[in-house]
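This report concerns only the one structure given below.
The values are calculated or read from the model by the stated rules, or taken from the named source; none is laboratory data. What you see is a predicted model; the values in this text were computed from it and never measured. Here Cβ is always computed from backbone atoms with ideal geometry, including for glycine, and neighbour counts include all displayed protein chains.
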Amino acid sequence: MPAVRLMPTQESADLIELTRSIADKELRPHVAAAERSHAFPRETFATLGRAGLLSLPYPEEYGGGGQPYEVYLQVLEEIASAWAAVGVGTSVHALSCFGLFHAGTAEQKERWLPDMLGGELLGAYCLSEAHAGSDPAAMRTRAVRDGGEYVITGAKAWTTHGGAADFYKVMARTSDDGGRGISCFLVPADSPGLTADAPEDKMGLMSSVTATMVFDSVRVPAERRLGAEGQGLPIALAGLDSGRLGIAAVATGVAQAALDAAVAYARERESFGRPVIEHQGLAFLLADMAAAVESARATYLFAARLRDAGRPFSRQASVAKLTATDNAMRVTTDAVQVLGGAGYTKDFPVERYMRETKVMQIFEGTNQIQRLVISRDLARG
Amino acid sequence: MTTLNIVVCVKQVPDTAVERTLTPEGTLDRESPDGLINELDEYAIEEGLKIAEAHGGEVTILSMGPAKAADSVRKALSMGADKAVHVLDDGLAGSDALATSAALAAALTRVGFDLVILGSESTDARTGVVPAMLAERLGVPQLTLAATVEVSGAGVTIHRLTEDGYAVVTGSLPAVVSVVEKINEPRYPTFKGIMAAKKKPVRTLTLADLAVDTGAVGLAGAATGIADWAARPPRTAGVVVKDEGDGGSQVAGFLAERKFI
């Protein structure tokens, strides 16, 4: 059953319809096989790009869709409910363009943003390192100025689209001044010295490639630095607020898919002579799952509307990420329970939903970090 | 000819994925289920757009239907058509194929055309006769069941799908062409297309605008009627074939009896 949505405009309602139709014809038929064979769906991203779905939250003057986050996130949710890895990839791509849009000069934006938003290119971003995840200020990758260039050396872990992307938003240290010594660079994938390690062997999101990117004296023209030297961490963190909303929407989409699968099964499957949905034990479990999905959606939409109105939304973005991913973990786990033994097999998609959701409590800031952001905001009063 | 004036006829039909019901008059209930573009009409739109892109030309969407058909008209425009004409009149409700062709022919005469493209049938009524009726009423060649369409100069050539292959059929323009789903892969609208669609002109024409006699259309003008109808009988249990050495031939016999093989 498709999610009930209240869209702000006719065009955004048409956009949801377009997304559902692409999801039904291009995503759902292929997700199971791609997850089994670990096949990265590059052509699927091209299809989304051609339809204009990879650039929705950016202004039309740079080739974007000019859509508010309230609309973009619901499109993202629909994509993720059909194929979580593609939903995550769409969010990562949007975030990889954010640094240039947010911190780039007018000249930099005019030069690179239209191509990045044009739908043909796919982006990635490099923030974490093996020893610096929740504490990015501890990063060691260095960018050393050499005339008109920077020379970047180091390794960036957990890069979604690592080795498959066309460009990388990279955070690297330009001085030893802790969190104030980091700068942001836009690095083309074909830069000499830039390579991807073997992809991580993950628990879920098998069709998305995650790899450590190795920078071996990668020379990047100084004009590709975004913002001032030392401004890299604030740029990264500003992007993360928006990225967290993306992950909240993705998690909600996966939870919706799990709920739909569980309800369909519970209406069909009989025990003791009745469909199992008529047994209160399971019926109430399903009711709680529906409440969890719809409250997650309401929570991320509220944060999105704050963002669209130009108001501070950092705390609400963390609340949305925390709520939506924790709810999705519970909903997908309970969906396996509803399907019983069948749910534990790979004949049904719910075990996959459960595996896919786990990482959403971890990436884009662990849910412990989200609590830190929320509580610090409360402490500030 | 400098630019082709291509008109694609689009019908909004009830979603085939949901249960469809009849009104007390015996006509299809078009109000309650979601309306979608008839699937074959999407192929017709795609073919119209491809011909316009290749030869230069303009694609006009022509749809006859209730107010909610405007949603399907807008979707056709978001795929890339240039403008649309919506024939909207309460007097059209209950029109059969003959009455529909009368209204569409009147609209086409008003709008003008070099090439009319339609899906070869709709998923609701499935009569598949409107393209031929339209061509007769307009006095132009009909090229139906096209699996390919080639426009060259003042002529059009199709591969007409037959049971065992295809026939090559050529006609002069203006002409009416109906297409089958083999012909192409309809494009998705794009988000830019959605945004552009709301600015494209949609003309609404009534029966009075078209000078069509109300007695010639609608239930009153229908030459066919529903005498009786019944719900499809519920699905019965299947046949279980026990393999005792002859399972294969039993299955083959079952399929042959139903003319599947």
Complete set of residues in segment B:139-158 that are surrounded by fewer than 20 Cβ atoms within 10 Å (Cβ to Cβ), outside any loop (DSSP other than H, G, I, E, B) and in contact with a strand residue (DSSP E or B) (Cβ under 9 Å, 6 or more places away or on another chain) = B:Gln142, B:Ala147, B:Thr148, B:Glu150, B:Gly155, B:Thr157
Boolean, A:Ala304 is within 20 Å of the chain's Cα centre (by Cα) and assigned to a helix (DSSP H, G or I) | yes
Positions within segment B:17-50 being within 11 Å of B:Ile117 (Cα to Cα) and surrounded by 21 or more Cβ atoms within 10 Å (Cβ to Cβ), in sequence order = B:Leu40, B:Asp41, B:Glu42, B:Tyr43, B:Ala44, B:Ile45, B:Glu47, B:Gly48, B:Leu49
Looking at (1) surrounded by fewer than 19 Cβ atoms within 10 Å (Cβ to Cβ); (2) in a helix (DSSP H, G or I), can you tell me which one B:Val169 breaks?
-> (2)
Odd one out for B:Ser78, checked against (1) surrounded by fewer than 23 Cβ atoms within 10 Å (Cβ to Cβ); (2) closer than 22 Å to A:Glu17 by Cβ | (1)
Kindly indicate whether any position in segment A:168-183 is in a loop (DSSP other than H, G, I, E, B), of a type in the set (A, V, I, L, M) and over 18 Å from the mean Cα position of the chain (by Cα).
-> no
Return a yes/no flag: does segment A:251-271 have any residue that is outside any helix (DSSP H, G or I), assigned by TED's automatic domain parsing to the domain that holds A:Phe363 and of a type in the set (S, T, N, Q).
-> yes
Answer yes or no as to whether A:Lys156 is of a type in the set (D, E, K, R) and assigned to a strand (DSSP E or B).
-> yes
Within the set of pairs 6+ apart or on separate chains, which have a first residue in segment A:228-240 that is at positive phi, a second that is part of a loop (DSSP other than H, G, I, E, B) and crowded, with 16+ Cβ neighbours inside 10 Å, and C-beta atoms under 9 Å apart?
-> A:Gly230/A:Thr174; A:Gly230/A:Gly181
Looking only at segment B:123-138, which residues are surrounded by fewer than 22 Cβ atoms within 10 Å (Cβ to Cβ), touching a strand residue (DSSP E or B) at 6+ places or on another chain (Cβ under 6 Å) and of a type outside the set (Asp, Glu)?
-> B:Thr123, B:Ala132
Residue selected from segment A:59-111 under the condition surrounded by fewer than 21 Cβ atoms within 10 Å (Cβ to Cβ) and within 14 Å of another protein chain (Cβ to nearest Cβ), by the criterion nearest to A:Val254 (Cα to Cα) | A:Pro68
Scan segment A:23-39 for residues that are within 19 Å of the chain's Cα centre (by Cα) and crowded, with 19+ Cβ neighbours inside 10 Å and jot them down.
-> A:Ala23, A:Leu27, A:Val31, A:Ala34, A:Glu35
Given the structure, is B:Val10 modelled with pLDDT of 95 or more, out of contact with any helix residue (DSSP H, G or I) (no Cβ under 7 Å at 6 or more places or on another chain), among the β-branched types (Val, Ile, Thr) and closer than 26 Å to B:Val212 by Cα?
-> no
Evaluate the following for B:Ser178: is it surrounded by fewer than 18 Cβ atoms within 10 Å (Cβ to Cβ) and away from chain A (no Cβ under 14 Å)?
-> no
Which residues, counting only those in segment A:1-11, are surrounded by 15 or more Cβ atoms within 10 Å (Cβ to Cβ), closer than 14 Å to B:Ile194 by Cβ and more than 9 Å from every other protein chain (Cβ to nearest Cβ)?
-> A:Met7
Unmet criterion (only one of (1) more than 17 Å from the chain's Cα centre (by Cα); (2) more than 10 Å from chain B (Cβ to nearest Cβ)) for A:Leu15 | (2)
Would you mind finding the one in B:Leu88, B:Leu62, B:Leu49, B:Leu92 that is closer than 25 Å to B:Asp34 by Cβ and in contact with a Cys (Cβ under 6 Å, 6 or more places away or on another chain)?
-> B:Leu62
Restricting attention to segment B:241-253, does a residue exist that is among the hydroxyl-bearing types (Ser, Thr, Tyr), more than 30 Å from B:Ala107 (Cα to Cα) and modelled with pLDDT under 85?
-> no
Residues of segment A:22-58 being within 10 Å of another protein chain (Cβ to nearest Cβ) and without any contact (Cβ under 8 Å) to a residue 12 or more places away in the chain, in sequence order, are A:Lys25
Considering segment A:65-117 alone, what residues qualify as being part of a helix (DSSP H, G or I), among the aromatic types (Phe, Trp, Tyr) and within 19 Å of A:Leu18 (Cα to Cα)?
-> A:Tyr69, A:Tyr72
If we keep just the residues of segment B:17-76 that are without any contact (Cβ under 8 Å) to a residue 40 or more places away in the chain and among the acidic types (Asp, Glu), which is farthest from the other protein chains (Cβ to nearest Cβ)?
-> B:Asp29
Helices (runs of 4 or more DSSP H) wholly inside segment B:188-227 that include at least 1 residues being away from every other protein chain (no Cβ under 14 Å) and at pLDDT below 90 = B:218-221
How many residues of segment A:1-20 are polar (S, T, N, Q) and closer than 12 Å to A:Val75 by Cβ? The answer is 2
